[in-house]
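Right, one structure below, let's go through it.
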Amino acid sequence: MEKRFDICTYGELLIDFTESGLSNQGNPLYEANPGGAPCNVIAMLQKIGHKTAFIGKVGNDVFGRQLKAAIEKLGICSEGLMFDPVDNTSLAIVGKKPDGDRDFSFIGPHGRGFLPKTADHILTKGDLIRDSRIFHFGTASVEVDGSGLDEGTAYGVKVAQENGLLISFDPNYREASWSRNEDYIKAIEAVLSVVNILKISDNEIEIMTGKDSETGAKELFDRYPNIVLLLATLGKNGSIAFYKDKKVKVDAFLGDDTIETTGAGDTFLGGVLHGVLERGIDDLTEKDLEEMLKFAGAAAYLITTKKGALAVMPSMEDIERVLNR
């Protein structure tokens, strides 16, 4: 039976304040870009022609209204978006560390994004999940005490499992969200047993396993047999896909026009999920995996040439231009 949506995601939708030069007084200027990792993923998919839905919560304020308008402009179904009458929309201040990596400071409920406080909201929006092919979520759905998923996401996973959806997850580590790496490890381990598609970065692999990217990724892939496809992103060193007995590695797309990397991992995952939606996940060849990684890598490269992520995702034509370059 044909589904209404290709993918439904549950999680944070927030404002990324990204650096945008200096004022006349020498103070840093910040641009209010729509963001939030799970919604970035579906923004990528929506831009290249997929049908997507978002479930989450923003404040009933100027930023919340900006975010609703942004996802609706892209064509993302906003039936699952609700406004909170009390709390404000979450904000992320994105700076740069001396080594060029991003430095996040969060302002808002939980300090980690903005999810409904109970399962009530997602309980009423379960039909959006049932009518999708993939259910995706990120680390804002994980309890910081290491106990596993929050109540809403746990219900979403249950609905997804009962209706045969693929479940996608991105650990999306943010140092500002965790007081101890031990808590992060415990929390992620409590989630991985329900995941079918895992996207994980090199620094997250090192935190989770204490090993190098390839060794640690393979260890996680072997440890959780429910994970059908594991994607390890290695920054400028490319990416690796683990699938059944296959391991495929491709180089990264690099250029001198990179501005910042906000949303690159989300865009990459959206690119891979595009391949899964097009090809299925039961019988992927090494060529399939290579093409999926290259497509995703080209998309991720393009987002690094722009400020923000959600509202400026690359088009299919943009990605094909990079692939043919």
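Please treat every number below as a calculation from the coordinates, not as lab data. These numbers were taken from a predicted model, which means no experiment stands behind them. In this analysis, Cβ positions are derived from the backbone assuming ideal geometry, glycine residues included, and neighbour counts consider all displayed protein chains.
Out of the DSSP beta bridges found with both residues in the chain, what percent are antiparallel (nearest 5)? Of those bridges, close to 45 percent are antiparallel.
A straight Cα-to-Cα reach below 12 Å connects residue 244 with the aspartates and glutamates 222, 282, 283, 286, residues fewer than 8 places away in its own chain not being considered.
For the chain, what's the relative contact order in percent, using C-alpha pairs closer than 8 Å and at least 6 residues apart?
On the way: 695 pairs, mean separation 55.1, N = 325.
Answer for the chain is 17 percent.
Based on the alpha carbons, how large is the Rg to Rh ratio for the chain when Rh follows Kirkwood?
Rounded to two decimals, Rg/Rh equals 0.93.
When each of 159, 62, 86 is scored by the number of other beta-carbon atoms lying within 10 Å, the sequence from fewest to most is 86, 62, 159. Residue by residue, region 45-55 carries 3J(HN,Hα) couplings of 5, 4, 5, 9, x, 8, 9, 9, 9, 10, 10 Hz when phi is fed to the Karplus relation 6.51 cos²θ - 1.76 cosθ + 1.60 (θ = phi - 60°); x denotes Gly or Pro. Region 1-46 and region 174-223 have Cα centres separated by 23 Å.
How big is the convex hull of the Cα atoms of region 1-74, per residue, in Å³? Write down the numbers at each step before the final one.
Numbers: hull volume 7.7 nm³, N = 74.
Convex hull of Cα atoms, per residue: 105 Å³.
Under 19 Å Cα-Cα from residue 158, which lysines qualify once same-chain neighbours fewer than 8 residues away are excluded? Hits, sequence-local ones excluded: 3, 117, 125.
Backbone phi angles across region 219-232, fed through the Karplus curve with coefficients 6.51, -1.76 and 1.60 (θ = phi - 60°), yield HN-Hα couplings of 4, 5, 4, 6, 6, 10, x, 6, 6, 7, 9, 10, 10, 9 Hz in residue order; Gly and Pro are listed as x. This model, with +1 at the C-beta of Lys and Arg and -1 at the C-beta of Asp and Glu, gives the chain a dipole about its Cα centre of some 420 debye.
Full-extension gain between residue 245 and residue 226, please, as 0.36 nm times their residue separation minus the C-alpha to C-alpha distance.
On the way: separation 19, 0.36 × 19 = 6.84 nm, distance 1.42 nm.
My answer for the length gained is 5.4 nm.
Placing unit charges on the Cβ atoms of the charged side chains and taking the dipole of the chain about its Cα centre, the candidate lying farthest along the positive direction among 232, 126, 209 is 126. Residues whose amide H comes within less than 5 Å of that of residue 142, counting only those at least five positions distant or on another chain, are 150 (H built at 1.01 Å from N in the peptide plane). When the C-alpha to C-alpha distance is required to be over 24 Å, the pairs from 47/186; 47/307; 236/306 that qualify are 47/186.
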